[in-house]
Every structure is written in C-alpha cells, then in structure tokens.
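**Student:** Below is a structure I'd like to ask you about.
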Amino acid sequence: MNEIEKKILEEVSSLHAVPMSGAHNIRLNGKLVSRGVTEGINILSKKDKDGIDVFIKRGTKNESVHIPVIVSFSGVKDKVYNDFYVEDDVDVLIVAGCGVNCNGSSASGHNGIHTFHIGKNSKVRYVEKHVGLGDNEAKRELDPVTDIILGENSVLIMETSQLGGVTKSIRTTNATLARGAKLIIKESLLTSEQDIVKTMFNVNLEGENSKVEVVSRSVARGKSCQEFVSNIIGKNKCFGHVECDGIISEKGIISSTPKIVAKHPDAMLVHEAAIGKIGEGQIEKLMTLGLDKEEAEREIIIGFLR
Amino acid sequence: MLELQNVCYEIVVNNKKKKILDDISFKVDDKQLVVLTGPNGSGKSTLSKIIMGILVPSSGKILYNGKDITRLSITERAKLGLSFAFQQPVTFKGLKVKDLIDIASKKKNSVINACDYLSRVGLCAREYIDRDLDSKLSGGELKRIELALILAKNGELNICDEPEAGIDLWSFDALIKLFKEEDKTFLVVSHQRRLIEIASKVILLSRGKIEAEGSYEDLKEKLSSQICDRLEEGNE
C-alpha cells in the first residue's frame with residue numbers, strides 16, 4: 001500500500017496500517033488485500049458476485065469489524081455487495097468506508113450495497129465514511145445503498161458522513177423495523193464546487209413500539225446541490241423523528257422533502273427541516289471571542305457536521 | 001481604559017434619519033464597574049454594541065487604552081482585551097459548551113478547568129460541559145454560560161448587556177459576587193438596584209443622550225424611576 005492509499009485507509013477507517021489481527025476486510029482497487037476473522041466474526045467472499053458476507057455469531061460482544069474500500073486509480077468503477085448477518089444478542093461496531101483518490105479526467109467510483117440482517121436484542125453501531133481526494137478535475141462518484149432489516153428489540157446506530165471531494169453521489173438507505181427495534185441515523189454531508197448529492201431514507205416502522213430518529217446535517221458550498229428525501233411510514237404504534245438541517249453558502253442549493261405517512265392511529269411521526277446561511281449573530285459571537293470571520297465560519301461548520 | 005468622544009449613531013427609517021445615540025462622551029477607568037442604565041429604547045444596547053464593534057458609529061471616537069479603536073473590527077477589539085456578553089445569547093447546533101470555552105480561552109482546557117468557569121457563574125458544571133450550546137438550554141442557563149465565556153476569555157474590559165435577565169436569585173448573587181471580586185473592568189447594561197448600588201459609576205441614558213453620570217448616591221433621585229428591585233422587572 002502506498003502513502004496515498006494509507007492516508008485514505010486512515011481517513012475512512014481510522015486504521016493507520018493494515019491490521020495484524022481483528023476482523024477486517026480491506027479492498028484496494030477492486031481486489032482483496034487483507035482479511036482477518038475472529039471466533040465471533042467470520043468473513044467470506046461471495047461466490048456469485050463481488051462482495052463479502054460477514055457473519056456475526058450469537059452473543060458476540062465488544063468486538064469490531066473494519067471493511068474499508070480504497071480506490072486509488074482513475075477509471076476504476078467498483079461495485080460490491082456486502083451482507084452482514086448479525087445474530088441475536090450481539091453488541092458490535094462495524095466500520096465501513098470508502099475513499100476514492102484520483103486525478104485526471106476519467107471518472108472513478110464505488111458503489112457499495114450493504115445489507116444488514118440483524119437478529120433480536122442486538123446492538124450494532126455502524127460507522128460509514130465516504131471520502132474523495134485528488135485534483136478538482138477528476139470525477140469521483142459514490143452511490144452507497146444501505147438496506148436494513150432490524151429484528152425485535154435490536155438497535156442500529158448508523159453514523160454516516162461524506163465530507164467533501166465526492167462529485168456525484170446518490171445515497172439510499174432503506175430500513176424495516178420489527179417490534180421494539182430502534183434505528184438512529186446521523187448523517188453529515190459537505191459539498192462544494194459543482195458537487196451533486198441526493199440522499200434518501202425510506203423507513204418502514206412495521207413493529208409495535210419501533211422507533212426511528214434521522215438527523216441529517218448538511219453544508220452546501222460553491223455551486224453544489226443537495227437533495228434530501230425521507231419517507232417514514234408508521235404501520236404500527238411507533239415513533240419517527242426526522243430532522244434535516246442545512247447550511248448554504250455562496251451559491252449552494254439544498255432541497256429537503258421530508259415525507260411522513262402514518263398508517264396506524266398510534267403512529268407518532270415528526271419532521272423538522274431548516275435551511276439557511278450561518279447566522280450573523282453566531283459569527284459575531286465567535287468574533288467577540290477573538291476569531292476572525294473565516295475562523296468563526298469554520299468552527300461553526302465543524303461543530304455542525306460533527 | 002475606555003473613552004468615548006462625541007459618539008453618534010444614526011439609522012434611516014422611511015427615508016428619514018433617526019438619531020439613536022447623540023453625542024455620547026464618557027470614560028471608564030481601570031477596574032471600575034460602570035453601569036449603563038436608562039429606560040427601554042434609550043440606546044443602552046446600541047451603545048454597548050458600538051463599543052464592541054458590532055455596530056459602527058456614524059461619528060465620534062472610541063479610545064481603548066489611548067488607542068483609537070473606532071474603525072477596528074470585532075475580532076481586533078476582542079484581541080485587544082474587550083469581551084461581550086450578549087443580552088440574548090446565540091445558540092449553535094453542534095458546538096458544545098466546552099468547545100466555546102476552549103475558543104474563548106484559546107486553549108484546550110481540562111474538564112476541571114472548564115468546569116471552574118461554569119461553577120463561578122453558579123452552574124453545576126459537569127452537567128453542562130458536554131452539552132450542545134443550543135436552544136435546549138434555558139434562557140437563564142444560556143445567560144450564565146455567556147458570562148462563563150467572558151471569564152474564560154479573560155479580557156480586561158467586559159461589556160455585559162443585561163446579564164441578570166432570566167436568571168434566578170441565587171445566580172444573581174453569584175453574579176454580584178463576580179462583578180465585585182473579579183479584578184477586571186466591567187461595563188454593564190442593567191436596571192438592577194443591587195448592581196447599580198455597587199457600581200463605581202452609573203451612566204443614565206435617556207433618548208440617546210447622557211442624562212446624568214455619577215455615583216449611585218449622586219444620582220439616587222434621578223434613578224429612582226429606572227431601578228428595579230425584582231429580577232424579572234429588568235427584562236426588556
């Protein structure tokens with residue numbers, strides 16, 4: 001792995017080097033470069049298509065699995081299917097991420113289709129980072145799809161971020177929740193130049209007392225364009241909350257369409273959306289603490305997207 | 001420390017000029033507690049914002065330690081040693097109380113250090129340090145955090161716009177203690193009797209002009225209609 005590839009690895013997975021132990025699967029330019037499994041977590045390559053199956057055994061706790069993808073050549077168009085089979089009573093951290101570094105004019109990209117089959121009474125924290133690096137001319141495209149089937153009384157906390165450098169992206173998250181299941185999604189997006197991002201959340205609250213919370217925070221700079229679409233359907237006694245906050249600067253555009261559908265008399269669904277530039281008062285406050293205008297804006301955006 | 005010379009501030013309303021502040025001149029000496037008081041709409045908040053650089057005067061001069069700061073930005077004034085506590089504190093999505101304390105004090109504080117600033121304004125510090133400085137905090141909590149930021153910034157001249165608004169009696173006692181004990185200069189916009197009574201100097205503004213200036217004893221009669229005894233009366 002060269003220095004750029006190591007840098008991407010660190011950005012997307014917080015790993016400084018190829019790990020010697022622990023469950024992991026590192027994919028570089030479409031090829032597997034390292035894999036590790038543990039007693040509780042097994043990883044197998046798919047036979048019919050590109051991708052892996054990650055099996056997390058019943059009762060596995062306090063373990064993590066890292067599955068970063070690195071694309072460092074121009075013109076690579078990678079598409080993988082990763083399935084996570086999480087059994088009952090599990091408590092794990094899954095770190096997935098994709099970094100694309102390319103220069104030149106040909107487009108590079110990665111489409112990761114991740115499916116979570118989560119059993120009962122499990123808790124999964126899923127951290128997903130998308131990073132684009134390289135010169136401004138190159139096109140970097142990422143179209144992640146996350147499908148979630150969340151079992152009874154299980155919790156999935158999904159923290160997903162795409163902070164700059166990705167020129168075009170369609171992000172899709174679909175989830176179905178069983179009784180007592182809870183899904184928490186925190187999304188952070190930053191676009192600039194002419195970037196285009198569409199992010200969609202489709203959540204079916206099937207089970208009684210299921211719960212979803214989606215918080216999407218985004219910053220659109222330059223002439224970039226973002227579209228947020230959520231569709232939360234409450235089919236039982238359930239609770240859903242969607243919050244979409246956007247900061248626009250220069251000629252950035254954000255559109256937000258939060259849709260909520262209550263199909264049960266005890267479904268309680270809420271959506272909030274707010275888009276605007278950084279408040280003058282916020283900048284003035286930080287200036288009274290000694291920051292200049294640019295530093296103030298940077299601090300506000302870093303906090304907002306954290 | 002601070003000197004205002006003939007400061008005027010005009011705005012245009014319906015194509016007509018309106019004078020908000022008219023020929024304001026006064027001095028604030030080192031380590032003084034100066035209270036700026038007067039009826040609603042007399043120009044107190046505007047004047048405090050002009051001193052911090054948030055608003056620019058139409059004419060006149062502001063000197064800080066002998067240096068003309070009239071045209072300096074907010075940031076430049078902050079770096080010279082001016083601090084400002086807003087009447088209505090600003091909230092931030094995502095920035096934590098600790099982040100703001102770190103920005104104000106220009107260092108990464110330990111939790112103990114950061115808590116100290118909050119304790120000094122009467123907040124049970126550990127409960128607040130990791131909270132977002134957002135609208136989930138009450139008005140009184142935000143006001144006290146605003147003051148904690150002034151302490152963290154450790155400026156020489158601290159301008160506080162109605163610091164008592166929205167805070168409870170116990171916190172008000174802490175506030176009085178703070179103004180008495182901190183070895184700093186304070187310029188405070190307030191209607192509160194207890195603050196006015198301990199002031200080194202009181203400046204009474206009326207319709208954008210200084211109506212009177214002096215000690216509480218000197219101005220007692222003139223001030224009688226301006227002063228509030230109960231905390232909530234002070235809120236504009």
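A short reminder: the numbers here are calculations on the coordinates, not readings from a lab. All values reported here derive from a predicted model rather than from experimental measurement. Positions of Cβ are backbone-derived with ideal geometry, glycine not excepted, and every protein chain shown enters the neighbour counts.
**Student:** Obtain the nm distance between the two label points defined at B:ILE11 and A:ARG58 by a simple spin-label model: each point lies 7 Å from its Cα along the Cα-to-C-beta direction.
**Tutor:** Distance between label points: 7.0 nm.
**Student:** Once you order the gyration tensor axes a ≥ b ≥ c over the Cα atoms, which shape class does segment A:3-279 get: rounded for a/c under 1.5, otherwise prolate or oblate by comparing a/b with b/c?
**Tutor:** oblate
**Student:** To the nearest 20 debye, what charge dipole does segment A:122-204 have about its Cα centre, counting +1 at the Cβ of each Lys and Arg and -1 at the Cβ of each Asp and Glu? Each step should come with its number before you reach the end.
**Tutor:** Values: 11 positive and 11 negative charges, 82 e Å.
Approximately 400 debye in magnitude.
**Student:** Quick one: net charge around A:GLY51, please, counting Lys, Arg +1 and Asp, Glu -1 for every other residue with C-beta under 11 Å from its C-beta. Don't skip to the answer; put the middle values down first.
**Tutor:** Details: positive: A:ARG27, A:LYS46, A:LYS47, A:LYS49, A:LYS79; negative: A:ASP48, A:ASP50, A:ASP53, A:ASP78, A:ASP83.
Cβ neighbours under 11 Å give a net charge of 0.
**Student:** Tell me whether segment A:30-104 comes out rounded, prolate or oblate; compute the Cα gyration tensor, take square roots of the eigenvalues as a ≥ b ≥ c, and use a/c under 1.5 as the rounded threshold.
**Tutor:** Numbers: a/c = 2.91, a/b = 2.06, b/c = 1.42.
Prolate, because a/c is 1.5 or more and a/b exceeds b/c.
**Student:** Normalized C-alpha radius of gyration of the protein assembly as shown, against 2.2 N^0.38 Å?
**Tutor:** The protein assembly as shown yields a ratio of 1.18.
**Student:** State to the nearest 20 debye the size of the charge dipole of chain B about its Cα centre, where the only charges are +1 on K and R beta carbons and -1 on D and E beta carbons.
**Tutor:** With Lys and Arg at +1 and Asp and Glu at -1, about 740 debye.
**Student:** Which of B:LYS79/B:LYS107; A:LYS47/A:LYS129; A:LYS198/A:LYS235; A:LYS61/A:LYS211; A:LYS198/A:LYS223 have a Cα-Cα distance over 19 Å?
**Tutor:** Long pairs (Cα-Cα over 19 Å): A:LYS47/A:LYS129; A:LYS198/A:LYS235; A:LYS61/A:LYS211.
**Student:** To two decimal places, what compactness ratio does chain B give when its Cα radius of gyration is scaled by 2.2 N^0.38 Å?
**Tutor:** Taking N as the residue count of chain B, the ratio is 1.00.
**Student:** Can you give me the distance in nm between label points at A:ARG179 and A:ASP48, each placed 7 Å from the Cα along the Cα-to-Cβ direction?
**Tutor:** Roughly 3.2 nm, to one decimal.
**Student:** Just going by the charge dipole of the protein assembly as shown, with Lys and Arg at +1 and Asp and Glu at -1 on Cβ, which of A:ILE118, B:ILE176, A:ASN103 is farthest out on the positive end?
**Tutor:** A:ASN103
**Student:** Averaging sequence separations of C-alpha pairs under 8 Å and six or more residues apart, then dividing by the length of chain A, give the relative contact order as a whole percent. Present the calculation step by step, with values, prior to reporting the outcome.
**Tutor:** Numbers: 945 pairs, mean separation 30.6, N = 306.
After rounding, I find 10 percent.
**Student:** Here's a follow-up. Taking the Cα centre of segment A:1-158 as the origin, how large is its charge dipole in debye, to the nearest 20, when only Lys and Arg (+1) and Asp and Glu (-1) carry charge on their Cβ atoms?
**Tutor:** 200
**Student:** Just the Cα atoms of segment B:1-131: what Rg and Dmax do they give in Å?
**Tutor:** Gyration radius and largest Cα-Cα distance of segment B:1-131: 17.8, 54 Å.
**Student:** Any idea what Rg and Dmax come out to for segment A:117-240 if you just take the C-alpha atoms, in Å?
**Tutor:** 15.7, 50
**Student:** What is the Cα radius of gyration of segment B:118-236 over 2.2 N^0.38 Å, N being its residue count?
**Tutor:** 1.11
**Student:** For chain B, what relative contact order do you get, as a whole percent, if you take Cα pairs closer than 8 Å and at least 6 residues apart?
**Tutor:** Value for chain B: 26 percent.
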